[in-house]
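Here the structure comes first, spelled out in structure tokens, and everything after it is commentary.
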Amino acid sequence: MTKSKYEVFEGKLTTRAHMQRTGSLLSAPGMLTLLVFLLLPIAGLVVLAFMQRGAYGVIDWTPSLENAKRLLGFSSFGWSSDNLLIIGRSLLLATVTTLLCIAIAFPMAFWIASHKPSTRALLLAFVMVPSCTNLVIRTYAWMLVLGAQMPPTWIARAIGILGETETLYPGQFAVYVGMVSSMLPFSILPLYTSVERLDWRIVEATKDLYASPLRSFRHGILSQMTIGIVSSIILTFVPSLGMYVVSDLLGGSKYMLIGNLIQQQFGAASDWPFGAMLGIVLILASVLSLALLQKISKGKSYV
Amino acid sequence: MYKKSSPLVIIISYIGIALLYIPLLFIALFSVNANRHGQTWGGFTFDWYVKLFSNDLVQQATLNSIILAVTSTIIATVFGTLLAIGIHRTPWNKKIRSFFDYSINIPVVTPDILMAIALVTVFGLFRTFLPCFEPGMLTLIISHVVFQLSFVVLVVLGRLSSIPKDQIEAARDLYATTSGAWFRVIFPQLLTGIIAGALLAFTLSLDDFIISFFVSGPTSQTLPLYIYGSLKRGISPEIHALSTLVITLTLGIMLLTLFYNQKKSKGRNK
């Protein structure tokens, strides 16, 4: 018996092929925009990374591993640790930022969920809204807040963690305050979603079975929140890795990050292939984290 | 769950809220501070706002930002809504469906700077045979559409999947044509999602700095670029006033979205 090619879609007898044709037409403008201007160019960057800078910034289309070597610090002048140091520093900044964000976002997610449902929606909006305002403006505001004549500096001096002539800005402290302040909303959202979905009967069950508070927390709560925690880490870590504006403004332009280095290659240095090679480091970070997320969530919805 | 939070949880939460709101409050405070050099309070004034409106560069940047946000939002909303409908109602096989899912999620998880260099590269390539891809308004609009699109699709898809599939079948049982069912039954319900997506796209466009920084040209400076530029040149209090206005506008749009969604969801429960 052969299957009829006609099926019912939306209460109409039609063919699968016909539905797919209409679907392709509907998706074409959006998908083409994404493909032409983002997905193919990202793939193109991978190719570009194995080319070289020719004279006057023109791209020399002979494939080579030169950029990969440069990334690892080998150049015609011998080995230098500069590039690796910059990548390491970016990884460190992103890791510490992510840890700090999660440490604040985790209790906040429970705090929001402890209110009654209508208040929860408001609180969540209250937390998300600042992330919609401009990053440059918010970072600039921290430059003002952490300035020498402002309360945070007095307090730090009064309790003795800051010497009389030292300042909070510019410096590492200011950079971390700025980073956490701008990434926090993205860490809270997925954590809150999974707290809201927690099945508290499992927590009660662990208590009925005489689990200590710590084990009850680990097996009753944490085990249910894996997806939330992983999405939260990714949504904080990946953007932090490429972020250089905050460190530029609050760190006093002293520390190069991978973002600065990329910007240089596409700006003054006009060395697109090497910039693309640096971009690949970021692509790898995003792709790996997306794959990890999909593996852990196994098709469950995660945002 | 109405469990009471422990004091430590509450303290950390307040620290979190403080980290989010202190910068916004300070900017607003400084924008009405008469002391030019900013660090101490010198009395209340609206002078900086007045000066702002007589600054040609600011006016040009504001105009550019608005043109950019409006145009890119319209394009992203139309393309995104069509794409969401195309993905949702079509019986795609599994591989194509997951290709769609990946394509839509990639822009969300890609760091801004990576998107920026991908766009710069493709514009550079196109420029060799089409001069209209010189850095400027066109490249800015295309770039903004690219990062707004995914968010519109995700919001509209979310709304679409909450509309039961049998509604359209019911409409057809009552002799509606397919397009009639879509326009008169589904579309009115989808409108909240489309508007929410459009407002999100609009704020994303106003907020963007990194991508605009890479693809803009000398004649297409937007507000965030102007602010960044003046930070590097040295701060003037007009920047505080300008920033406060931008923040207020963004917050206003977000509150409008919230209010609108709240009203709609109440209407549904009746």
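The values are calculated or read from the model by the stated rules, or taken from the named source; none is laboratory data. Every value quoted in this text rests on a predicted model; they were computed, and no experiment measured them. All Cβ positions, glycine included, derive from the backbone under ideal geometry; neighbour counts span all protein chains shown.
Cβ contacts < 6 Å: first residue under 16 Å from residue B:83 (Cβ atoms), restricted to the stretch A:18-47; second residue not in a helix (DSSP H, G or I), any location; separation 6+ or different chain. Result?
A:19/A:9; A:19/B:90; A:19/B:91; A:20/B:90; A:23/B:90
Do you know which residues across the stretch B:134-166 are without any contact (Cβ under 8 Å) to a residue 40 or more places away in the chain and away from chain A (no Cβ under 11 Å)?
Hits for the stretch B:134-166 are B:138, B:159, B:162, B:163, B:164.
Just checking, which of A:137, A:112 is facing chain B (nearest Cβ under 7 Å), more than 18 Å from the chain's Cα centre (by Cα) and either crowded, with 23+ Cβ neighbours inside 10 Å or not in a helix (DSSP H, G or I) (or both)?
Values: A:112 fails: facing chain B (nearest Cβ under 7 Å).
Just a single option satisfies the conditions, and that option is A:137.
Anything in the stretch A:140-166 that is more than 7 Å from every other protein chain (Cβ to nearest Cβ) and not in a helix (DSSP H, G or I)? List them, or say none.
Residues of the stretch A:140-166 that are more than 7 Å from every other protein chain (Cβ to nearest Cβ), as a first pass: A:143, A:146, A:148, A:150-166.
Residues satisfying the conditions are A:146, A:148, A:150, A:159, A:160, A:161, A:162, A:163, A:164, A:165, A:166.
Going by what's in this entry, would residue A:153 be described as farther than 19 Å from residue A:247 by Cβ, crowded, with 19+ Cβ neighbours inside 10 Å and at pLDDT below 85?
Working: farther than 19 Å from residue A:247 by Cβ: yes; crowded, with 19+ Cβ neighbours inside 10 Å: no; at pLDDT below 85: yes.
It is false that residue A:153 is farther than 19 Å from residue A:247 by Cβ, crowded, with 19+ Cβ neighbours inside 10 Å and at pLDDT below 85.
Go through the stretch A:48-79 and give me each residue that's in contact (Cβ under 8 Å) with a residue 12 or more places away in the chain, part of a helix (DSSP H, G or I) and charged (D, E, K, R).
Correct list: A:66, A:70.
Name the residues in the stretch A:167-218 that are small (Gly, Ala, Ser), outside any helix (DSSP H, G or I) and within 12 Å of another protein chain (Cβ to nearest Cβ), would you? Show your work before the answer.
Filtering the stretch A:167-218 for residues small (Gly, Ala, Ser) gives A:171, A:174, A:178, A:181-182, A:187, A:194, A:205, A:211-212, A:216.
Those left that are additionally outside any helix (DSSP H, G or I): A:171, A:211-212.
Of everything in the stretch A:167-218, nothing turns out to be small (Gly, Ala, Ser), outside any helix (DSSP H, G or I) and within 12 Å of another protein chain (Cβ to nearest Cβ).
How many residues does the stretch A:140-150 contain that are surrounded by fewer than 20 Cβ atoms within 10 Å (Cβ to Cβ) and touching a residue at least 40 places away in the same chain (Cβ under 8 Å)?
Total satisfying the criteria: 1.
Take the residues of the stretch A:124-134 that are more than 7 Å from chain B (Cβ to nearest Cβ) and either over 20 Å from residue B:227 (Cβ atoms) or in contact with a His (Cβ under 9 Å, 6 or more places away or on another chain) (or both): which is surrounded by the fewest Cβ atoms within 10 Å (Cβ to Cβ)?
A:126
Which residues, counting only those in the stretch B:178-219, are under 15 Å from residue B:61 (Cβ atoms), surrounded by 22 or more Cβ atoms within 10 Å (Cβ to Cβ) and of a type in the set (Ser, Thr, Tyr)?
B:205, B:212
Looking for something within 12 Å of chain B (Cβ to nearest Cβ) and either at negative phi or out of contact with any Pro (no Cβ under 7 Å at 6 or more places or on another chain) (or both) - is there at least one such residue anywhere in the stretch A:222-229?
First pass over the stretch A:222-229, keeping only residues within 12 Å of chain B (Cβ to nearest Cβ): none.
No, the conditions are met nowhere in the stretch A:222-229.
What are the residues in the stretch A:60-108 that are within 9 Å of chain B (Cβ to nearest Cβ) and among the aliphatic types (A, V, I, L, M), if any?
A:103, A:104, A:105, A:108
Go through the stretch A:245-260 and give me each residue that's among the small types (Gly, Ala, Ser), touching a helix residue (DSSP H, G or I) at 6+ places or on another chain (Cβ under 7 Å) and outside any helix (DSSP H, G or I).
The initial filter retains those residues of the stretch A:245-260 that are among the small types (Gly, Ala, Ser), namely A:247, A:251-253, A:259.
Going one step further and asking which of them are touching a helix residue (DSSP H, G or I) at 6+ places or on another chain (Cβ under 7 Å), we end up with A:247, A:251, A:259.
Within the stretch A:245-260, just A:251 meets the criteria.
Which numbered condition in (1) more than 10 Å from chain B (Cβ to nearest Cβ); (2) out of contact with any Leu (no Cβ under 7 Å at 6 or more places or on another chain); (3) surrounded by 15 or more Cβ atoms within 10 Å (Cβ to Cβ) is the only one that residue A:19 fails?
The number of the failed condition is (1).
State whether the residues of the stretch A:247-257 include one that is buried (at least 22 other Cβ atoms within 10 Å of the Cβ), at pLDDT 85 or above, closer than 12 Å to residue A:89 by Cα and within 11 Å of chain B (Cβ to nearest Cβ).
Among the residues of the stretch A:247-257, at least one is buried (at least 22 other Cβ atoms within 10 Å of the Cβ), at pLDDT 85 or above, closer than 12 Å to residue A:89 by Cα and within 11 Å of chain B (Cβ to nearest Cβ), which makes the answer yes.
Kindly indicate whether any position in the stretch A:235-249 is closer than 26 Å to residue A:170 by Cα and more than 23 Å from the chain's Cα centre (by Cα).
Within the stretch A:235-249, none of the residues are closer than 26 Å to residue A:170 by Cα and more than 23 Å from the chain's Cα centre (by Cα).
How about the stretch B:1-99: which helices (runs of 4 or more DSSP H) wholly inside it have at least 2 residues that are within 18 Å of residue B:247 (Cα to Cα) and within 11 Å of chain A (Cβ to nearest Cβ)? Show your work before the answer.
Details: elements: B:7-31, B:47-52, B:56-89.
Those helices (runs of 4 or more DSSP H) span B:7-31.
Residue check: is residue A:125 within 19 Å of residue A:102 (Cα to Cα) and small (Gly, Ala, Ser)? Can you show your working first?
Values: within 19 Å of residue A:102 (Cα to Cα): yes; small (Gly, Ala, Ser): yes.
So residue A:125 fits the description; yes.
For the stretch B:211-241, give me each residue that is closer than 14 Å to residue A:249 by Cα, part of a loop (DSSP other than H, G, I, E, B) and more than 11 Å from chain A (Cβ to nearest Cβ).
The one that is closer than 14 Å to residue A:249 by Cα, part of a loop (DSSP other than H, G, I, E, B) and more than 11 Å from chain A (Cβ to nearest Cβ): B:234.
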